[in-house]
Amino acid sequence: GLDELLLYLKENDKNAVVRFAYDPGYNGSANKEPALEVILNHVKRICPILNRYVNTVTAIETGLIGPWGEMHTSASANPTNITAIVDAFLTNASEIPVLVRTPKMIYDYIGVTSDSIEEISISPDEKAYRLGLYNDGYLGSDSDLGTYQNRERDINFLSIQNSHLPFGGEVTVPDSQLHNIETCLPEMNKIHLSYLNIEWDNRVIEKWKNSLYTQDCGADKQYYGKTAFDYIQNRLGYRFVLKNSVFTYSDSTDKLNVRLTLQNVGFGNLNKKKRAKLIFTDSAGEVALISDIGELAVDDELSFDVAHKLESGKYDVYLRIYGEELEGTPLYCLKFANGGLWNDELKANKIGRFERVTA
């Protein structure tokens, strides 16, 4: 059943954050977990399915313990059990980010005490490099309803860890001042916010829909007078804007050099591997050439050479950045935020045009 669900999402070009819970009916019941040995066996059995969908599964919220899988309240919610479950997910789901409910659970896993947190350095070859946070008490209080032991210290740590991981959750408590639009945006940017539950807390969502982005919020003038909800929604995760596109080529050679300058104006970053293809269309709009760039690290500056044997003529050039293909259809394509660049038929962004003249 899980395989069918994830395949359905993949076929429809959708992603999911996955969480499992032993809470019957997902109704907020505590102390429903089996023995740790049984939990670990379930993790080992489920991960091979998740591993078939590394582009579809944005992250695994560790869950399993406590009401709604929020990793609190139940007797099983102790560091020994949680560390073992986290390690089982990190070991058996080797490419997917794994998220826990509090920073302390990360500290417990890597074995650091509160007085040495500022000295933490996790290298990419460590399993803990893929260990992040989901926050279901987001902006609810100074501690985010017990999420943080020391908000400033923990967010400083997460600002580094989340730079390569998704971070999200649920906003809570409608009378909190922390989710006032003037207050929350700098922290959303610092902590690299990727996703939020659209349905909870609906009172906070309505607050944002009835608040305006103004000069007191920031310098994005194009959003002045628009709602806080629109601004936050458009900034969740990555949001790449093409700032400059330069082609270098000679009429006498069959090589095109492409240099692009991008700006990520989103709160979050691109956390999944991508591939790229350069697509050339002729004056009739027909595809004349598709050149495979291979795996691409999407950064502020992109540069690559493309060999071609195009005939004389004018060509529009498109860049397709995608996660994978399913029966020849590209999935999880990156769409630049600029207006007028996206070609939905090609699933690619127009980055320029050039004219080939041959003797």
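Among the residues of the stretch 262-300, just one is at positive phi and in a strand (DSSP E or B), namely GLY294. Anything in the stretch 15-31 that is assigned to a loop (DSSP other than H, G, I, E, B) and either polar (S, T, N, Q) or surrounded by 15 or more Cβ atoms within 10 Å (Cβ to Cβ) (or both)? List them, or say none. Listed by number, the residues that qualify are ASN15, TYR22, ASP23, ASN27, SER29, ALA30, ASN31. Among the residues of the stretch 154-172, the ones that are within 15 Å of ILE232 (Cβ to Cβ) and either open to solvent by 10 Å² or more (accessible area, probe 1.4 Å) or not hydrophobic (A, V, I, L, M, F, W, C) (or both) come to 3 in all.
Selection within the stretch 173-204: residues that are farther than 19 Å from TRP68 by Cβ and among the β-branched types (Val, Ile, Thr). The member of this set that is surrounded by the fewest Cβ atoms within 10 Å (Cβ to Cβ) is THR183. For the stretch 248-266: of the residues being at pLDDT 95 or above and open to solvent by 70 Å² or more (accessible area, probe 1.4 Å), which is nearest to VAL306 (Cα to Cα)? Within the stretch 248-266, the match that is nearest to VAL306 (Cα to Cα) is ARG259.
From the list ILE46, ILE39, ILE60, which one is open to solvent by 40 Å² or more (accessible area, probe 1.4 Å), under 19 Å from ASP87 (Cβ atoms) and either assigned to a strand (DSSP E or B) or β-branched (Val, Ile, Thr) (or both)? Of ILE46, ILE39, ILE60, the one residue that is open to solvent by 40 Å² or more (accessible area, probe 1.4 Å), under 19 Å from ASP87 (Cβ atoms) and either assigned to a strand (DSSP E or B) or β-branched (Val, Ile, Thr) (or both) is ILE46. When the stretch 297-320 is filtered for residues that are more than 18 Å from VAL246 (Cα to Cα) and either polar (S, T, N, Q) or within 19 Å of the chain's Cα centre (by Cα) (or both), the ones remaining, listed by number, are ALA297, SER312. Give me the residue from the stretch 116-143 that is of a type outside the set (Gly, Ala, Ser) and in a helix (DSSP H, G or I) and, out of that set, surrounded by the most Cβ atoms within 10 Å (Cβ to Cβ). Residue satisfying both the conditions and the ranking: ARG130.
Considering only residues in the stretch 275-297 that are touching a residue at least 60 places away in the same chain (Cβ under 8 Å) and under 20 Å from LEU331 (Cα atoms), the one that is most open to solvent (accessible area, probe 1.4 Å) turns out to be LYS277. In the set (1) assigned to a loop (DSSP other than H, G, I, E, B); (2) farther than 22 Å from ASP144 by Cα, the condition left unmet by THR91 is number (1). Residue under question is THR147, and the condition is that it be among the hydroxyl-bearing types (Ser, Thr, Tyr), open to solvent by less than 10 Å² (accessible area, probe 1.4 Å) and within 27 Å of ARG203 (Cα to Cα); does it hold? Criteria met by THR147.
Total residues in the stretch 6-50 satisfying the condition of being under 30 Å from GLY328 (Cβ atoms) and out of contact with any strand residue (DSSP E or B) (no Cβ under 9 Å at 6 or more places or on another chain): the figure is 6. Would you point out the residue of the stretch 308-359, among those that are without any contact (Cβ under 8 Å) to a residue 60 or more places away in the chain and of a type in the set (Phe, Trp, Tyr), that is most open to solvent (accessible area, probe 1.4 Å)? Filtering the stretch 308-359 for residues that are without any contact (Cβ under 8 Å) to a residue 60 or more places away in the chain and of a type in the set (Phe, Trp, Tyr), the one most open to solvent (accessible area, probe 1.4 Å) comes out as TRP342. A residue that is charged (D, E, K, R), touching a Leu at 6+ places or on another chain (Cβ under 9 Å) and assigned to a strand (DSSP E or B) cannot be found anywhere in the stretch 218-238. Screening the candidates SER211, SER245 for the property of being closer than 30 Å to VAL306 by Cα, among the small types (Gly, Ala, Ser) and over 23 Å from the mean Cα position of the chain (by Cα) yields one hit, SER245. Hey, any hits in the stretch 259-274 for a residue that's among the β-branched types (Val, Ile, Thr) and without any contact (Cβ under 8 Å) to a residue 40 or more places away in the chain? No, the stretch 259-274 has no match at all. Taken residue by residue, the stretch 329-349 has no member that is of a type in the set (Val, Ile, Thr) and more than 24 Å from the chain's Cα centre (by Cα).
Among the residues of the stretch 28-50, those that are without any contact (Cβ under 8 Å) to a residue 40 or more places away in the chain and not basic (Lys, Arg) comprise SER29, PRO34, ALA35, GLU37, VAL38, ASN41, HIS42.
The values are calculated or read from the model by the stated rules, or taken from the named source; none is laboratory data. Please read all numbers here as calculations on a predicted model, not as lab measurements. Glycine also receives a Cβ, built like all others from the backbone with ideal geometry; neighbour counts cover every protein chain displayed. Accessible surface is based on the protein model in full, side chains and every heavy atom, while ligands, DNA and RNA are left aside. Shrake-Rupley method; radii C 1.70, N 1.55, O 1.52, S 1.80 Å.
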